[in-house]
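For reference, the structure discussed in these notes is given below.
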Amino acid sequence: MDRSDEKTEELTMIELRHAGRKFRQGLREVKALSDVSLVIRKGEFLSIMGPSGSGKSTLLNLIGGLDRPTEGEVILDGRPLHGITDDQVTLLRRRHVGYVFQFFNLLPLLTACENVGLPLLLDGLPFSKVKQKAEALLEKVGLAERIEHRPDQLSGGEMQRVAIARALIADPAVLLADEPTGNLDSHTGEEIFLLLKSLNDRGQTIVMVTHDPKAAAYGSRIVTLKDGHPAQDICIGED
Amino acid sequence: MSIKYAILGILAERDLHGYELKTNFDDKVGEFWSLNFGQIYSTLDRLEKDGLVTHDRQAQDKRPDRKIFSITKKGRIILTQWLSTPISKVRALRDEFFIKLVFMDKDNPAAVLDLIEKQKMLHLKHMNRLTRRKVALKSKICNRDTLPTELLLDAGLFHAEADIKWLTLCETKIKTEIKRKE
Amino acid sequence: MNLANLLRHISLKHVKLQRTYMLLAVSGICLGVAAMVSIDIVNKSVLQSFAESIDHITGRAALEITGAESGFPEELLERVQNVPGVEYAVPVIEASANLSGGSERAFMILGVDVLQDYKIRSYSLNDETTDIPDPLLFLAKKDSILLSQTMAKQEGIVIDQEIEVQTVQGIKKFKVRGLLNPKGPAKVAGGDIAIMDIFAAQAAFGNAGSIDRIDVSFLPGEKLDTMEARIRKVLPEGYSLDTPTGRTRQVAILLDRFQKSMRFIGFMVMFVGMYLIYNAVSISMVQRRKEIGILRALGAKGGEIIALLFAETCVISAVASVVGIGIGLGFAKLSVGIVAQSITDMYLKTSVTALTFSWTILFRDAAFGILASLIAAAYPAVSGVRSSPISMILPLAPTVNGFKLSRKLMAVSVLLLFLSSVILAAYGMAASDSAIRTTGAIFASALLLIIGISLLTPAFFYRSLLIFRHFLAPWLGAGGRLACINLQKNVSRNGVAVAAIFFSIALYVCSANAMHSLRVSMFDWIDSIIRADILISSGNPLVVGGAQSIPMPESLAKEIEKIPGLQSVEPFRKSSLDYGGRKIMLEIFDVALRMDYCPGMFAEGSKEEVVQLVPGQDNIMVNEGFAARYHIKRGDTLVLPTPDGPVRFGVAAIVVSYTSDSGIIWMDINTYRRLWRDTLVDCYEVRVKEKKDIPAVRQAILDRLGKNRHLFALPALEFRNEIKKIMESSFLITHAVNIIVLIIAGFGIVITQLASVLERTREIGVLRAIGMKKNQVAGVVIIESALIGTVGGFLGAAAGLLLGWIELEGFFRLDYGASIAYHIHYASVAWAIVLSAGLAALAGFYPARRAARINIVEALTNE
């Protein structure tokens, strides 16, 4: 891996520089993350592992701009996430980050199609335009038959597929997944991972947080966190 | 012991000569079980002795004849019997790592923890390999029946996961013990 | 399970954890109770002040004899004194006067018999050094006067000072002989009172030889009934014989409509408060589903849970009621002056100085508040507990059809609306003297209409949302779509907020339109009736109650006529008489002259007939309200009391007049002077030849006549405008109440939206995570609120238009007559809808801010 610096720069998708996050719990100050420096390259499928409370979700939230570091910096696809307003961060989330959650988090009264199109609708696009793209994405995740279904008419796996489609609607620079299969059985989970893997194969950068080694094993790189700090960083090339 | 049944199982599908049998075996369970020709031929010999397998000779140009093996009626009965009986013996807890744990220096828990960490990483890498193989298997368009292989890969993953979980528990318990002593 | 335990361990936590929430729920009942308490206390204080005045002024008298307002001959006194069993019978004159100069303070002059009056009333002089048993002896001289100490102190008047007082003869000087301690008569009218010798008073304020009242006391052991019968025998017909309590009762009758409409307002405020409680309880039922389910699973009976909820409501509403009582007393203190002024303007002079505190009222209103809360809480509490424990622990399946508008509810609402329209139709078709033509019937119809529509709001709201989503939402982008969907999620809860807005907007539109109709009719009427150019009176003519005006002598007309540029001078006398137990207003003027230039407004009859039948003859005109109340038609006759006994009058016409709501009689001045022997004049109406001369003529009048008497010479135009202003200001209370009601309804939206934001914290977290800006989140909440408001506004405006008609029909036309037509005030309707949407959006701001500030990470990790 002896690429030139320039090349590395070009291939960097996310960079954390000495990022840390402290929380206040009553009088105590808890360090959820401390001094994390991490470079995630384009096209990487990074699994972040660690026991609960190790700060892995906090790390993901910092990358996705849901939370801000109390120290250090986060740079997403060349755009620094510090020193900008909440609205600007929100726009970054809307256009450059796709989120997949453990609890699917679909809006219960919207159809699959509307749920998928939501980020673009928020961006002010008319539904007619959004609809086409949303349908195409739903087909891509294997839900062509479920376009007009509401979440309560879908299985867990299907809901998560819808959520993935929603995360992809804005062609995000990075797809962030927080325990995406935590609420699914092994088999359904596997299908979700295969879907993520195939997305990754087509160049989608993915960062996934999990405490499940089976899930983490899908990554091309695995970082384990311990007490708010990266402990191991395994990079597995294609053998 | 179960090589015998594996060979019977393969021959139950169709008759094969020795080399074909080896490749077929590798395809199906090679991931976890590697055999050499010697093992295969000695097992075949034993099976013939017991009357579970017979062979025909097939003449070849320029080369010596080769043996085509096939399963006998008795062989099929034995195979079916074996297939329908669950395994009564649970996997033995005879882990090499466990032995290491027993003999580690009690006064140097840091070394123990370091070992555990390294072991976990090894398991994780192993799982990563298995997963990649599984993904490759899934994405390959293949007319062969890949399900048993996939299931085997899954078994490997689950066992490795169990090991990692157990190692994590070891780690936590050792740490708690250290804290208690302090 | 022990209720007290549950209350302490569970309910208290809710109160602590959801403070804002509780505060808002409480505020509804709190304001309701406050409104009721303040209105009741003010009403009671007003009546109490009248009762006390009457008590103070009647002293020991057990009966009092009154005739026509203009007084009756003194000879009667002797007859009464000779009735066996009468201890004392003393004459009294009551007159109003003004201090000339300075504050122009209006006060009451009591003319009494110096030699006898102490037997009935007790007076005490402030000057402790003088030890004279009968302070009235001070008044032996004609120019002597006793002032209450209260008034003297405020005006800076001392003993032996000369004061100038307006009288019928102009400004006269009186010498203050003593100051009265605030005791007995000196406490009347808040101390704005002076005592004079009756002969001096007769000379100064009325015709000599005439008295206003005779106060009678009995010998010990005489019974009221027998005495009343004996005295009745010696009195001519038309005189009324009353106990002091009876007189208080008469005042109560006079003020009845005013006080009733005030109390009605209190009920309205309470009603909106009930929406708030209903809303709060149903929301807390949703939020506590799980908790209640667990309690049920642990072995709490359904009944116990309901008891718990009721106990909670009881405690909360009791606290709210206590606070409401405090606020209500404060309101009462602030508003008693305004109310007293309104009553003075419209009915009788009153000055309420102190609030009458009454535990009964406080307990009754607090109990009403608690009861209203319990009623409002009953439905959500009982229906919430009915489902099985396990289904309550499981999360609610979020579906569009989370609302089930039962057919039963629909049927009930349709039935109510049907009943309402049946009553209304019956009312419309019934003859004017039918039993159904009462305020009660019309009120029932209005109430049924309001409740009927309230029950329909969820269904209506749902439909409106569909329409909105279909037509408008595309323009509002994702926000509009989301707002619609969120509202649809809980139609029944949002329906209550809609209903509250509906109710308050209906009230607003209703009163705006009823008031507008009244205003249009009254303004038309005023313009038709006041055709003169200048009005001359001694008191400010703008005081409708008119008690403060001191009449002028007939002779003044001659002097006025001398002023150049005049076309005519017309006397106007205002009096009252007792008819059918009510005080009827008597308006006296020169009918022939008036009909000459004034169109008048006739409900029955015509100008020509009136000119022929009325002047100088025993024929009168009555207004519609009077005609309706006593079922009088043109051509009927009726007997009115005159100083010389009852006289039969023919009714020549039914006219339109809104001066008083208890009935008005118009009489020709010549008839009046002949029968009442009263030549005084309250007001001269002057017409000038050239309109441009009005200011000059006015100045000339003031210059010539203003020297020895205090006069107002008001250009009629100014007068009309002032009257209109006064009328506008009498609508003020209604406006204020409407605003309070709207604010309470706004609280309803705040509660609903806060609950809704709380419930979808996670959802908002998700939306923020996938790229919704803070402003967009807030926008959705505000759009939702505005939608609630708009739908409520439209519904309320529609119902309000109908209610306005009902109110006019049932409250005003019954009193004033059919000439008050319904005029729709379109601006107020439009304004109401804009207001409801705007106010609702405003109410959404706080919940919206809360929504925008939700911490994304926390929202996503919850549960």
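Looking at the stretch B:122-136, which of its residues are among the polar types (S, T, N, Q) and either free of Cβ contacts under 8 Å to residues at least 12 places away in the same chain or more than 7 Å from every other protein chain (Cβ to nearest Cβ) (or both)?
B:Asn128, the sole residue that qualifies.
Only residues that are open to solvent by 10 Å² or more (accessible area, probe 1.4 Å), assigned to a loop (DSSP other than H, G, I, E, B) and not charged (D, E, K, R): list them for the stretch C:659-678, please.
C:Thr659, C:Ser660
Which residues, counting only those in the stretch C:816-861, are in a loop (DSSP other than H, G, I, E, B), of a type in the set (S, T, N, Q) and more than 34 Å from the chain's Cα centre (by Cα)?
C:Asn855
Which residues, counting only those in the stretch C:697-716, are open to solvent by 30 Å² or more (accessible area, probe 1.4 Å) and in contact (Cβ under 8 Å) with a residue 24 or more places away in the chain?
C:Arg698, C:Ala700, C:Arg704, C:Asn708, C:His710, C:Phe712
When you go through (1) away from chain A (no Cβ under 12 Å); (2) at pLDDT below 85; (3) in a helix (DSSP H, G or I) one by one for B:Arg144, which number turns out not to apply?
(3)
Does C:Phe503 fit the bill of being surrounded by 21 or more Cβ atoms within 10 Å (Cβ to Cβ) and among the aromatic types (Phe, Trp, Tyr)?
yes
Check whether at least one residue in the stretch B:104-115 is in contact with a Cys (Cβ under 8 Å, 6 or more places away or on another chain), open to solvent by less than 90 Å² (accessible area, probe 1.4 Å) and more than 14 Å from every other protein chain (Cβ to nearest Cβ), and report yes or no.
No - not one qualifying residue is present in the stretch B:104-115.
Suppose the filter is farther than 29 Å from C:Arg762 by Cβ, of a type in the set (S, T, N, Q), buried (at least 21 other Cβ atoms within 10 Å of the Cβ) and touching a residue at least 24 places away in the same chain (Cβ under 8 Å); does C:Ser836 pass it?
On the way: farther than 29 Å from C:Arg762 by Cβ: yes; of a type in the set (S, T, N, Q): yes; buried (at least 21 other Cβ atoms within 10 Å of the Cβ): yes; touching a residue at least 24 places away in the same chain (Cβ under 8 Å): yes.
Yes, satisfied.
Which condition breaks for A:Asp35 when tested against (1) within 13 Å of chain C (Cβ to nearest Cβ); (2) in a strand (DSSP E or B); (3) surrounded by fewer than 24 Cβ atoms within 10 Å (Cβ to Cβ)?
(1)
So C:Leu742 clears everything in (1) free of Cβ contacts under 8 Å to residues at least 12 places away in the same chain; (2) within 25 Å of C:Ser445 (Cα to Cα) except one condition, right? Which one?
Every condition holds for C:Leu742 apart from (1).
Residues that are without any contact (Cβ under 8 Å) to a residue 60 or more places away in the chain, over 16 Å from C:Ala603 (Cα atoms) and open to solvent by less than 10 Å² (accessible area, probe 1.4 Å): does the stretch C:631-640 have at least one?
Yes, there is a match, as at least one residue in the stretch C:631-640 is without any contact (Cβ under 8 Å) to a residue 60 or more places away in the chain, over 16 Å from C:Ala603 (Cα atoms) and open to solvent by less than 10 Å² (accessible area, probe 1.4 Å).
Could you tell me which numbered condition C:Ile820 fails, if it satisfies all but one of (1) touching a Lys or Arg at 6+ places or on another chain (Cβ under 6 Å); (2) within 14 Å of chain A (Cβ to nearest Cβ)?
(2)
Inside the stretch C:470-494, can you point out the residues that are out of contact with any Leu (no Cβ under 6 Å at 6 or more places or on another chain), open to solvent by less than 10 Å² (accessible area, probe 1.4 Å) and in contact (Cβ under 8 Å) with a residue 40 or more places away in the chain?
Scanning the stretch C:470-494 gives C:Gly480, C:Leu482, C:Ala483, C:Val491.
Name the one entry in C:Arg648, C:Arg594 that is part of a strand (DSSP E or B) and either open to solvent by 10 Å² or more (accessible area, probe 1.4 Å) or at positive phi (or both).
Matching residue, one of C:Arg648, C:Arg594: C:Arg648.
Could you check the stretch B:50-80 and list, in sequence order, the residues that are of a type in the set (A, V, I, L, M), open to solvent by 50 Å² or more (accessible area, probe 1.4 Å) and in a loop (DSSP other than H, G, I, E, B)?
The answer is B:Ala59, and nothing else.
Collect the residues in the stretch A:89-119 that are of a type in the set (S, T, N, Q) and closer than 13 Å to C:Lys773 by Cα, keeping them in residue-number order. Lay out the reasoning, then the answer.
Going residue by residue through the stretch A:89-119, those that are of a type in the set (S, T, N, Q) are A:90, A:102, A:105, A:111, A:115.
Within the stretch A:89-119, just A:Thr90 meets the criteria.
Could you run through the stretch C:488-521 and say how many residues are within 14 Å of chain A (Cβ to nearest Cβ) and at pLDDT 85 or above?
0
If you scan the stretch C:156-204, which residues turn out to be in a helix (DSSP H, G or I), touching a helix residue (DSSP H, G or I) at 6+ places or on another chain (Cβ under 8 Å) and either at pLDDT 80 or above or not assigned by TED's automatic domain parsing to the domain that holds C:Val112 (or both)?
Selection gives C:Ala200 alone.
I'd like to know if the stretch C:194-209 contains one or more residues that are in contact with a His (Cβ under 8 Å, 6 or more places away or on another chain), surrounded by 21 or more Cβ atoms within 10 Å (Cβ to Cβ) and not small (Gly, Ala, Ser).
no
The values are calculated or read from the model by the stated rules, or taken from the named source; none is laboratory data. Bear in mind the structure is a predicted one, so any value in this text is a computation, not a measurement. Note that we place each Cβ from the backbone using ideal geometry, even for glycine, and neighbour counts take in every protein chain shown. Ligands, DNA and RNA are excluded from the accessible area calculation, which covers all protein heavy atoms including side chains. Shrake-Rupley method; radii C 1.70, N 1.55, O 1.52, S 1.80 Å.
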